[in-house]
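Just so it is clear, none of the values below were taken in a lab; they were calculated from the coordinates. Predicted model only: the values in this text are computed from it and were never measured. Note that we place each Cβ from the backbone using ideal geometry, even for glycine, and neighbour counts take in every protein chain shown.
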Amino acid sequence: MDKRSAFFVSDSTGVTAETLGRSLLAHFDQIEFDTRVLRYIDSLERAEYAVNEINQVAAVSAYRPVVFETIIKPEIREKLAESNCFMVDVFSSYLAPLEQELQTESNFTVGRGHSVAHDAAYNSRINAVHYAIDNDDGRHASNYEKADVVLIGVSRSGKTPTSIYMALQYGLYVANYPLTDEDLNDMRLPRALQPYKSKLFGLNINAERLAAIRQERRPNSRYASLNCCEEEIRLAESLFARNRISSLNTTHLSIEEIAGRILAVSGITRRDQTEY
């Protein structure tokens, strides 16, 4: 089957449309999707632009595009529906049955968008993202008292993107610390981590994959060599085992899967307690 096109269309950032859309498309792994996000489609003029984008793709494709949309205003949804696509109205698909069960109208039905100006959950996530950035790559280790979890592992094992994702998605305070050659050769936890042993979670990765990632960063260096990667991974796994630190191999996992498994294994619960 030819590659299919999919659009995630939103009158805001597109996070909800893209997250739900990709989750649904993931169940069709026999099909390759070419995806794009159309954000801030919040006027009829912008909707016309989106329709043209979708129709241009449809005109050169064997199959019409699939469109996941989270548009609030009915007139904009109606304009979008004029495009040559299969459209999935994410909000109405889920909210209509909920409205019936809860016997009340949602904000979507009465035409009001979701405001984050005074949203405690939103502010919690933003603060968590700032924490993850400030405590990336071993910086400010003295601030780990506030951390919900501290990710440790060799360089390029997925610590930073996982930290940012868990902060943004769950409002968690996630720090990360890179294991250096000195740490690994000593086979002891770095002094900065020892007081927070109960918060540590190890990330590891297959040597071949790690070498490929490092090769893009520092081509033809010892840092990117397969031998170096194999040795670092072996020592890291030994360090995790010796200190009884839960760990996860990230090689074949998406960031979403890595974060979910960390939560499941560690028993950490999200701070904001609000799903979007």
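What the table below lists for this structure:
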{"read-out": "Cut-off under 5 Å, modelled amide H: who pairs with Thr35 long-range", "value": "Ala6"}
{"read-out": "Global form of the stretch 141-238, assessed from the alpha-carbon gyration tensor, a/c cut-off 1.5", "value": "oblate"}
{"read-out": "Cross-link partners of Lys146 among lysines (Cα-Cα below 26 Å; sequence separation of 8 or more within a chain)", "value": "Lys159, Lys197, Lys199"}
{"read-out": "Qualifying trypsin sites (Lys or Arg not before Pro) for the stretch 169-206 [loop in DSSP, other Cβ within 10 Å: at most 16]", "value": "Arg188, Arg191"}
{"read-out": "Shape category assigned to the stretch 27-67 from the gyration tensor of Cα positions, a/c cut at 1.5", "value": "oblate"}
{"read-out": "Modelled FRET efficiency - R0 35 Å, Asp137 with Val37, Cβ distances, 0.05 increments", "value": "0.75"}
{"read-out": "FRET efficiency estimate (nearest 0.05) - Cβ-Cβ, Glu182 to Ala241, R0 25 angstrom", "value": "0.80"}
{"read-out": "Environment charge of Leu263, counting only residues whose C-beta is closer than 12 Å and scoring Lys/Arg +1, Asp/Glu -1", "value": "0"}
{"read-out": "FRET efficiency for Ala96 and Gln56, using Cβ-Cβ distance with R0 set to 22 Å, rounded to 0.05", "value": "0.10"}
{"read-out": "Unit charges at the beta carbon, dipole of the stretch 4-102: most positive-side option, Val9, Phe28, Leu98", "value": "Phe28"}
{"read-out": "Length gained when the stretch Gln30-Asn227 is fully extended (0.36 nm per residue, less Cα-Cα span)", "value": "67.4 nm"}
{"read-out": "Residues listed by number, the stretch 135-152, amide nitrogen under 17 Å from Arg218 label point at 7 Å toward C-beta", "value": "137-138"}
{"read-out": "Label assignment, percent of Cα pairs over 36 Å apart derived from the structure, set (i) 17; (ii) 31; (iii) 9", "value": "(ii)"}
{"read-out": "Tensor-based shape of the stretch 4-102 (alpha-carbon gyration tensor, a/c under 1.5 rounded, otherwise prolate or oblate)", "value": "oblate"}
{"read-out": "The chain - mean residue ellipticity at 222 nm from DSSP helices (-39,500 (n - 2.57) per run, n ≥ 4, rounded to 500)", "value": "-13500 deg cm²/dmol"}
{"read-out": "Within-13-Å neighbourhood charge of Phe201 [Cβ basis; K, R +1; D, E -1]", "value": "+4"}
